[in-house]
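**Student:** Just passing along the structure, written as structure tokens.
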Amino acid sequence: MNPELTSPSSPSDRRISVLARHLVGVEMDAQNDSISAFPTSGSDSNSVFSHVVRGPEDPILGVTVAYNKDPSPVKLNLGVGAYRTEEGKPLVLNVVRKAEQLLVNDRSRVKEYLPITGLAEFNKLSAKLMFGANCPAIQENRVTTVQCLSGTGSLRVGAEFLAKHYHQRTIYIPQPTWGNHPKIFTLAGLSVKTYRYYDPATRGLNFQGLLEDLNSAPSGAIVLLHACAHNPTGVDPTSQQWEQIRKLMRSKGLMPFFDSAYQGFASGSLDADAQPVRMFVADGGELLLAQSYAKNMGLYGERIGALSIVCKTADVAGRVESQLKLVIRPMYSNPPIHGASIVAAILKDRDLYNEWTIELKAMADRIISMRQKLFEALRARGTPGDWSHIVKQIGMFTFTGLNSKQVAFMTKEYHIYMTSDG
């Protein structure tokens with residue numbers, strides 16, 4: 001249609017006519033413009049990014065890349081931190097499917113933006129799940145909780161807040177720890193140091209080394225603590241050791257930053273796995289907590305987590321939250337709604353909650369039972385060495401004690417993939 005031949009009568013017709021004339025003009029301009037300014041050569045020498053070098057594969061995700069390339073029908077990927085069924089398939093919990101169906105059937109639900117801090121109901125229920133229903137800090141409004149992008153996002157938001165508003169910018173992380181921890185904290189502006197944690201000789205906790213390193217840390221330093229099921233060693237302190245850690249940290253004014261990725265997934269009990277965190281909250285001191293629902297609800301791809309900061313007073317908590325908003329807004333503006341709605345639906349409904357705890361315990365118990373079976377199979381075959389660490393460690397990960405050559409042999413000969421450190 002030629003817009004010049006029409007004589008628009010209504011305001012909407014006139015707007016369409018103006019738009020049509022504009023588009024015709026744009027099209028003509030585009031035809032007249034030379035495109036020679038944009039090189040089409042296959043060589044990258046013309047690119048302003050030609051100096052960019054190829055980055056290394058993530059050591060954990062790189063295992064999956066190698067696994068995916070292997071055509072063997074008997075291949076096995078032991079590198080990824082995700083629960084699998086007996087058939088090696090991902091598991092979606094029945095309770096999650098039920099919750100999603102409830103959300104789909106609710107015609108009043110909309111897709112509007114959440115507030116910067118996320119879904120209020122989700123935040124409230126997440127704090128209650130970790131700190132306990134009768135937690136004084138919650139009752140006194142001393143806890144601020146913001147929804148974040150799973151555990152990683154919660155750690156990053158917390159780290160950026162600390163870099164801007166905390167007097168100490170040094171964080172001590174266990175040696176070893178999850179490979180993403182040092183990168184998250186460094187990029188947020190914190191200086192990363194380590195404290196001794198794992199003892200390769202015993203394949204257990206180097207508790208004396210841990211205490212010595214925390215004791216020599218400067219007053220006020222931040223300390224990253226795995227709430228339970230330490231990643232990647234599977235080695236956790238005992239309740240008595242946690243109490244010693246708490247006393248030492250509080251006496252030196254060290255700031256606890258808990259990373260809780262496996263609540264309920266380690267022992268099968270949500271309350272038992274929360275005990276270390278609750279011990280620190282009970283003494284009235286301040287702390288940070290990063291929380292993830294990737295493992296314990298199987299919501300890996302929903303990227304659903306929370307950051308909680310326990311403060312001394314409600315007034316301080318309110319001001320802290322206002323600053324967390326200023327961290328989040330330019331980072332990702334506000335979090336996604338779907339995953340938070342699933343979690344909230346499960347946590348607020350007694351029947352769904354009970355069903356979740358049963359499914360969660362089944363996953364945890366299966367991991368514990370597989371540890372036992374692996375240990376017994378190694379012992380039955382007379383495998384050299386002491387393999388008791390497999391049943392002493394807890395959670396999704398175990399430090400096998402295999403070295404990089406042994407790991408490479410397992411991959412080459414048996415198509416079993418794991419990180420090179422065993």
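**Student:** What do you reckon, is Asp351 touching a residue at least 24 places away in the same chain (Cβ under 8 Å) and exposed (fewer than 13 other Cβ atoms within 10 Å of the Cβ)?
**Tutor:** So Asp351 fails the test.
**Student:** Return the only residue of Ile346, Ile390 being under 20 Å from Ala266 (Cβ atoms), surrounded by 12 or more Cβ atoms within 10 Å (Cβ to Cβ) and at pLDDT below 95.
**Tutor:** Ile390
**Student:** Now, a different point. Consider Ala201 carefully, then state whether it is among the aliphatic types (A, V, I, L, M) and at pLDDT below 95.
**Tutor:** Spelling it out, Ala201 is indeed among the aliphatic types (A, V, I, L, M) and at pLDDT below 95.
**Student:** Scanning for something touching a residue at least 60 places away in the same chain (Cβ under 8 Å) and in contact with a Gly (Cβ under 7 Å, 6 or more places away or on another chain), does the stretch 111-118 turn up at least one residue?
**Tutor:** no
**Student:** Within the stretch 136-162, can you find the residues that are under 21 Å from Asp315 (Cα atoms) and among the small types (Gly, Ala, Ser)?
**Tutor:** Of everything in the stretch 136-162, those that are under 21 Å from Asp315 (Cα atoms) and among the small types (Gly, Ala, Ser) turn out to be Ala137, Gly158.
**Student:** Let me ask something else about it. Confirm whether Thr238 is more than 18 Å from Cys311 (Cα to Cα) and under 23 Å from the mean Cα position of the chain (by Cα).
**Tutor:** Taking the combined requirement at face value, the residue does not satisfy it.
**Student:** Quick one: which helices (runs of 4 or more DSSP H) lie wholly within the stretch 270-372 and hold at least 1 residues that are within 29 Å of Phe397 (Cα to Cα)?
**Tutor:** Helices (runs of 4 or more DSSP H) meeting the threshold: 270-282, 338-348.
**Student:** Does Asn141 satisfy being at positive phi, open to solvent by 30 Å² or more (accessible area, probe 1.4 Å) and either in a helix (DSSP H, G or I) or of a type in the set (S, T, N, Q) (or both)?
**Tutor:** Yes.
**Student:** In addition: Can you tell me how many residues in the stretch 393-422 are of a type in the set (Ser, Thr, Tyr), assigned to a loop (DSSP other than H, G, I, E, B), out of contact with any Pro (no Cβ under 9 Å at 6 or more places or on another chain) and open to solvent by 60 Å² or more (accessible area, probe 1.4 Å)?
**Tutor:** Residues in the stretch 393-422 being of a type in the set (Ser, Thr, Tyr), assigned to a loop (DSSP other than H, G, I, E, B), out of contact with any Pro (no Cβ under 9 Å at 6 or more places or on another chain) and open to solvent by 60 Å² or more (accessible area, probe 1.4 Å): 0 in total.
**Student:** Quick one: is Val92 of a type in the set (Val, Ile, Thr), at negative phi and in a loop (DSSP other than H, G, I, E, B)?
**Tutor:** So Val92 passes the test.
**Student:** Additional query: Could you name every one of the strands (runs of 3 or more DSSP E) located completely within the stretch 161-237 that has at least 1 residues being farther than 23 Å from Val391 by Cβ, among the aliphatic types (A, V, I, L, M) and open to solvent by less than 40 Å² (accessible area, probe 1.4 Å)?
**Tutor:** Of the strands (runs of 3 or more DSSP E) lying wholly inside the stretch 161-237, those with at least 1 residues that are farther than 23 Å from Val391 by Cβ, among the aliphatic types (A, V, I, L, M) and open to solvent by less than 40 Å² (accessible area, probe 1.4 Å) span 170-175, 222-226.
**Student:** Are any of the residues in the stretch 319-333 modelled with pLDDT of 95 or more, hydrophobic (A, V, I, L, M, F, W, C), open to solvent by 70 Å² or more (accessible area, probe 1.4 Å) and within 30 Å of Leu187 (Cβ to Cβ)?
**Tutor:** Among the residues of the stretch 319-333, at least one is modelled with pLDDT of 95 or more, hydrophobic (A, V, I, L, M, F, W, C), open to solvent by 70 Å² or more (accessible area, probe 1.4 Å) and within 30 Å of Leu187 (Cβ to Cβ), which makes the answer yes.
**Student:** Would you please name the residue that is surrounded by the most Cβ atoms within 10 Å (Cβ to Cβ), looking only at residues in the stretch 124-133 that are modelled with pLDDT of 95 or more and either farther than 25 Å from Pro330 by Cβ or aliphatic (A, V, I, L, M) (or both)?
**Tutor:** That would be Met130.
**Student:** Now a separate question. Of all residues being of a type in the set (S, T, N, Q) and touching a Cys at 6+ places or on another chain (Cβ under 8 Å) in the stretch 254-285, which is surrounded by the fewest Cβ atoms within 10 Å (Cβ to Cβ)? Just the residue, please.
**Tutor:** So the residue we want is Ser267.
**Student:** Another one. Determine which member of the set Ser333, Ser322 is within 21 Å of Glu112 (Cβ to Cβ) and of a type in the set (Gly, Ala, Ser).
**Tutor:** That would be Ser333, the only listed residue that is within 21 Å of Glu112 (Cβ to Cβ) and of a type in the set (Gly, Ala, Ser).
**Student:** Would you check which residues across the stretch 144-155 are part of a helix (DSSP H, G or I) and buried (at least 23 other Cβ atoms within 10 Å of the Cβ) and list them?
**Tutor:** Answer for the stretch 144-155, where residues must be part of a helix (DSSP H, G or I) and buried (at least 23 other Cβ atoms within 10 Å of the Cβ): Ser150, Gly151, Gly153, Ser154, Leu155.
**Student:** Here's a follow-up. Output the number of residues of the stretch 92-123 satisfying the condition of being open to solvent by 60 Å² or more (accessible area, probe 1.4 Å), of a type outside the set (S, T, N, Q) and touching a helix residue (DSSP H, G or I) at 6+ places or on another chain (Cβ under 8 Å).
**Tutor:** 4
**Student:** If Tyr300 passes every condition in (1) farther than 23 Å from Gln139 by Cα; (2) out of contact with any Ser or Thr (no Cβ under 9 Å at 6 or more places or on another chain) but one, which one does it miss?
**Tutor:** Condition not satisfied by Tyr300: (2).
**Student:** Which of the residues that make up the stretch 365-387 are under 24 Å from the mean Cα position of the chain (by Cα) and open to solvent by 50 Å² or more (accessible area, probe 1.4 Å)?
**Tutor:** Asp365, Arg366, Ile368
The values are calculated or read from the model by the stated rules, or taken from the named source; none is laboratory data. Not measured: the values here are computed from a predicted model. Please note: Cβ atoms are built from the backbone with ideal geometry, for glycine as well, and neighbour counts cover all protein chains shown. SASA here: full protein model, heavy atoms, side chains in, ligands and nucleic acids out. Shrake-Rupley method; radii C 1.70, N 1.55, O 1.52, S 1.80 Å.
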